[in-house]
Amino acid sequence: MAGTAQAQDNTDGAEDGAVDEDVILVTATRRAEDVQDIPIAVTAVSPVQLERQGVVNVQEITSVSPSFSTSNAQTSSGSVVLRIRGVGTTSNNIGFESAVGIFIDGAYQSRPGIALSEFVDVERVEVLRGPQGTLFGRNTSAGALNITNVRPDLSEFGGFANGTYGNRDLVSVQGAVNVPIVQDTVALRVTGAYRQRDGYVTIVDGAGNEIGESNGSDQFLVRGQIGWETDSGIRGRIIADYAESKAPFGAAIEVLKSGLETSGLFGLVGLGARGGMAGPTVATNPFDQPTAEAAINNRIATANFEPTTRSDNWGVTGEIEVPLGDSADLIYIGSYREYSSFEAYDSDFSGLDVFNVDAGITEIDTMTHELRVQGDAFGGRLSWLVGGYYSKEDIAASTSFSLGEDYGELVGALFVGGTAGLSPPFGVFFNSPLVPDPTNPLTFLTGADPAGTTATNNYAQNSESWSIFTHNTLDITDHLSLTVGLRYSDESKTGGYQQSAVNNPTCLGFFADANNNMTPDGLDRLGQAVGTANPAVPGAPASIPATVGALAPTAFGLSCFAFTAPAIGSDANPFPLPRPFSGDFNDSELIYTGKLSYSFDAPVNVYASFTHGYKSGGFNLDSTAASGGADPRFLSETVDAYEVGLKARLLDRAVTLNIAAFREEFQNFQVLEFTGAQFQTFNVPKANSTGLEVETVIRPSDNLTINSGVTYTRARYPQDCAGTQTANNVVALCGNSLTNAPEIVAIMGATYERDLGSYLDFFLTGQIRFEDDRRTSTQAFDPADLANPVLVPFDVQDSNTKINLRAGIGAQDDSWAIEAFATNLTNQVTRGVTFNTVLRSGSRSAFPQEPRSYGITLRSQF
């Protein structure tokens, strides 16, 4: 089942009583309306669809919405990227905010990872496509997810319980109970869920011994609600929830061996063959796509230890609606949420003991308030709304790093590669008179072994946002309507980085020697350009290898965070070393939208709209953000979006057809890129998304429903995307597609239902999802050499088709049911993100996506 949702019962703000079987009520306009009547491209997903497609969290909405996609990387919470129409904000940096806003029961969720707890007892999910800033708070330049949980029922006792068992030892239990406390006035609803499943990535150490797993589930959710309604019409609810997750997550799989492995350089420095991650299936040819897919298919990663991941998330949301006479209501929604996570993982993604995150702690506290007054005027011809919004967010993060026993040897292997394989090369670096040590060059260069170097980095950001807004629809005639929306938004942030602890055994000797041999114009003390041969030593390699500059941020910078000599960390220093910073960011924007819609009698509605959207800038919360005197801030992102659409019910309502054509033009598009040594944030002056969406539901009989949806999107950086900028990492993007933005995504599904006698019913549903080729990394070409552009290997995930099936039988009164299911039935191998392996020049690694899943579910309602 895909595309437009099937009929559903009453929703927030709907009148009591039945609705037409094909009416789908949504709150995309902050009031309950038929989805076919509003001039917005919306995919509405009902609870039945969520269950029958196995959608258990935000990331799996991809199976029911072709315009929505997600990807994830090495952390379960901080690296989730949501995309609508090919547009999203790459994560992995807590200073970045999503371009797709998530709203749960009307409250804004400040980071996608906060909203990844399990879908259970959900009334509906709405995927709002395109910028939504006038009505939905903050950061919706690409779109929004509007998730509404089932409200307490004030009149009837009831509930449900579900249990699932599947492959990889899946155990899932869900349930809810609804208890009226004061009949028709106050009720309590308690919801819970537990899910445990083995990971689908096996982790082995450098010797090939299995040491753990990754990408499984071990989580639970508890949510309690008190709902009420008085005789005077005042109604509201208070929602409290707590969720916890602690499954290991984030192992990466090597798809391309580095030259260090294939040339035997590891052996020269005493590392042997321990650097490889996935064995003989790893490609040695940079464009051997079948071999890369075989490596992902094995789902074997190497590391020194199994990753540790734990997140805790709790919050309280309050909602109250007060009638103001017969034609207006006052609505307040407030929330407070605390999110914390702890993560420890092998961040070099290999069996070598090189670079580890020993403790990554993140805490995010968020408070939001929204007050709006809305109603009707002029006999219902004008629907008006005015409101105000305020949010406050405090972020505190602390990350403790350490360098492992193999760090010096790996850097030695990189040096060998940078000096044409000459051995022993190390004694001539920087004209050093010291005796070379081919197994650990940093020992003689600095006088200390880097193993044991530790550093603790602290990051903080405090932000406040307030806005005032209005959204109004005037029926000019019985068929023609005009919608105008405005929001003035003000953002202010303070952010900074500092280091609270460091153990620094290697830095002084190395950089003292390096700076003595390098002049401000980039020449060494003999007047040679960096990376050229040293004539003072016949046959010797470069006196300062070119690799030093590229490696400095991590290879040497990690052990130099607290080095305070004037030359290190200064604006003129050639090495991009970590550097403390603190500062302020302030910005404001007028967001606005205008829509014209016309309704025919068929019924067929057509509309045209323009929206100016906005997403706040902020701070690159990375230790190297201020290196070389760089400004750690990035600019706000804006978008101008044009859309025309058609929504129709045809053939006596047997066919529902929705079509939308769109163009979105982004300015100062926010990008986060991993260079192999550090995370960089920057703004690209231009990025565009243009396309066509078609969704349809066909009901040829009472028993059969056919759903389909197709999205064609060209989400790209135009050829002139750099504007006046000259930075290679920006220029290299021009003319290429956005990351993980396939041109074509199509969904086709069918559901057959029928009664079996007077007691049983049966259903069978199937779905096929096709996805076109897509790039999986930021850069399509190596930005280091734009004069001779070379394609980044394994950047493209080939097109693929995934199939889901589910069948069930049960009582017609829903007292019990049993279902069997399979997702990704043919076990298609796909990956979400591909990247340059940390400190492994030439190596490429990737994060795999979900393999085949299957199991049995038992359901009961009471």
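The values are calculated or read from the model by the stated rules, or taken from the named source; none is laboratory data. Quick caveat: nothing in here was measured; it's all calculated off a predicted structure. Ideal geometry is used to build each Cβ from the backbone, glycine not excepted, and the neighbour counts take in all protein chains shown.
Given the criteria among the charged types (D, E, K, R), at pLDDT below 95 and touching a strand residue (DSSP E or B) at 6+ places or on another chain (Cβ under 9 Å), does GLU156 qualify? Let's see the steps before the verdict.
Values: among the charged types (D, E, K, R): yes; at pLDDT below 95: no; touching a strand residue (DSSP E or B) at 6+ places or on another chain (Cβ under 9 Å): yes.
Spelling it out, it is not the case that GLU156 is among the charged types (D, E, K, R), at pLDDT below 95 and touching a strand residue (DSSP E or B) at 6+ places or on another chain (Cβ under 9 Å).
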Checklist entry - Could you say which residue among GLN779, GLN767 is more than 30 Å from ARG699 (Cβ to Cβ) and under 26 Å from the mean Cα position of the chain (by Cα)? => result GLN779
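For region 717-730, how many residues are outside any loop (DSSP other than H, G, I, E, B) and farther than 13 Å from VAL671 by Cα? Can you show your working first?
Here is the first cut: in region 717-730, the residues outside any loop (DSSP other than H, G, I, E, B) are 728-730.
Among the residues that remain, those that are also farther than 13 Å from VAL671 by Cα are: 728.
Final tally of qualifying residues: 1.
Taking region 209-237, which residues are free of Cβ contacts under 8 Å to residues at least 60 places away in the same chain and under 29 Å from the mean Cα position of the chain (by Cα)? Walk me through how you get there before you give the answer.
Of region 209-237, the ones free of Cβ contacts under 8 Å to residues at least 60 places away in the same chain are 209-210, 216-218, 220, 222, 224, 230-231.
GLY216, SER217, ASP218, PHE220, VAL222, GLY224, listed by residue number.
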Checklist outcome for this item: In region 186-208, anything surrounded by 15 or more Cβ atoms within 10 Å (Cβ to Cβ) and over 32 Å from the mean Cα position of the chain (by Cα) is listed as VAL186, ALA187
Checklist entry - Looking at ASN804, ASN836, which is the one that is touching a residue at least 60 places away in the same chain (Cβ under 8 Å) and either small (Gly, Ala, Ser) or farther than 23 Å from GLN59 by Cβ (or both)? => result ASN836
Checklist outcome for this item: Subset of region 655-712, residues aliphatic (A, V, I, L, M), touching a residue at least 40 places away in the same chain (Cβ under 8 Å) and surrounded by fewer than 20 Cβ atoms within 10 Å (Cβ to Cβ), comes to VAL655, ALA677, ILE698, LEU704, ILE706, VAL710
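Test of understanding: among GLY387, GLY379, which residue is in the same structural domain as GLU321 (by TED's automatic domain parsing), farther than 30 Å from ALA460 by Cβ and without any contact (Cβ under 8 Å) to a residue 12 or more places away in the chain? Break it down into steps so the answer makes sense when it comes.
Values: GLY387 fails: without any contact (Cβ under 8 Å) to a residue 12 or more places away in the chain.
Exactly one residue qualifies, and that residue is GLY379.
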Next on the checklist: Could you go through region 616-632 and let me know if any residue there is over 21 Å from THR724 (Cα atoms), among the aromatic types (Phe, Trp, Tyr) and surrounded by 19 or more Cβ atoms within 10 Å (Cβ to Cβ).
Outcome noted: yes
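Can you go through ASP394, ASP348 and tell me which one is under 24 Å from the mean Cα position of the chain (by Cα), among the charged types (D, E, K, R) and modelled with pLDDT of 95 or more? Give the derivation first.
Numbers: ASP348 fails: modelled with pLDDT of 95 or more.
After ruling out the rest, the residue left standing is ASP394.
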Checklist entry - Among the residues of region 220-241, is there at least one that is charged (D, E, K, R), in a loop (DSSP other than H, G, I, E, B) and more than 30 Å from GLU321 (Cβ to Cβ)? => result no
Item to check | Whichever residue in region 242-268 is small (Gly, Ala, Ser) and in a strand (DSSP E or B) and, among such residues, is nearest to VAL171 (Cα to Cα) | outcome: SER245
